[in-house]
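Student: Following this message is one structure expressed as structure tokens.
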Amino acid sequence: MIAESTFVIPPEIEARLLAGELNRYGSVVRDTAGRIVVHLKEISLPEPNGDVVEAAARLLNKPIVIAGFATLAVVGTAVTIARKRKQALPECAKNDNESRRVYLAVVRDQSLDDAA
């Protein structure tokens, strides 16, 4: 039998889990030395309302709804790409790119010496 469990993870434990300071084995959280830090509390999730699930299934059968979701996905992706392109490179990245360009030019010209 396979059973899925849902646990409440306190924010401070979650932060340490994400940082790799702790490891979770089922409901037991241990530190890197293997000592038990905390036992997580198991909770049960509410059952989905059958009427809501049926209504959502009916909506997804309509082509206009699918087209709307597809349009939202495309627009959202385009906006995200546009925002990322507008973000300027940090100064350290600009310096790194320039250093690599100069280094490759020196190697290509075979003019690399001990002083450089």
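Any read-out appearing in this document is the output of simple, stated calculations on the displayed coordinates, not a laboratory observation. Owing to the predicted nature of the structure, the values given are computational and were not obtained by experimental measurement. No Cβ is skipped: glycine too gets one built from the backbone with ideal geometry, and neighbour counts run over all protein chains shown.
Student: Counting only C-alpha contacts under 8 Å and six or more residues apart, can you give the relative contact order of the chain as a whole percent? Before the final figure, lay out each step's value.
Tutor: On the way: 54 pairs, mean separation 17.3, N = 116.
Over the chain, the number comes to 15 percent.
Student: Can I ask one more? Work out from phi, with θ = phi - 60° and the Karplus expression 6.51 cos²θ - 1.76 cosθ + 1.60, the ³J(HN,Hα) of each residue of region 12-18, listed in order in whole Hz, and give x for Gly and Pro.
Tutor: Per-residue couplings from phi come out as 5, 6, 4, 4, 6, 5, 5 Hz.
Student: Let me ask something else. Note down the Stokes-Einstein diffusion coefficient of region 50-109 in µm²/s, whole number, using a Kirkwood radius over alpha carbon pairs, 4 °C, and 1.567 mPa s. Walk me through the numbers before you get to the answer.
Tutor: Working: Rh = 16.0 Å.
My calculation gives 81 µm²/s for D.
Student: Give the long-range amide H neighbours of PHE7: residues separated by 5 or more places, or on another chain, with amide H under 5 Å away, using H modelled in the peptide plane at 1.01 Å from N.
Tutor: ILE43
Student: Another one. Check LEU40: other-chain or 5+ apart residues with amide H under 5 Å from its amide H, H built from backbone geometry?
Tutor: VAL28, VAL29
Student: Let me ask something else about it. Toward the positive end of the charge dipole of the chain, about the Cα centre and with charges on Cβ (Lys, Arg +1; Asp, Glu -1), which of VAL74, GLY34, ALA3 goes farthest?
Tutor: Farthest towards the positive end: VAL74.
Student: Could I have the simple spin-label model distance between ASN95 and ASN23, label points 7 Å from Cα toward Cβ, reported in nm to one decimal?
Tutor: 3.9 nm
Student: Tell me, what ³J(HN,Hα) does each residue in region 72-79 have, in order and in whole Hz, if you take phi through Karplus 6.51 cos²θ - 1.76 cosθ + 1.60 with θ = phi - 60° and put x for Gly and Pro?
Tutor: These are the phi-based 3J(HN,Hα) values: 4, 5, 5, 5, x, 5, 4, 5 Hz.
Student: Give the label of the value calculated from the structure for percent of Cα pairs over 24 Å apart, choosing from (i) 50; (ii) 70; (iii) 74.
Tutor: (ii)
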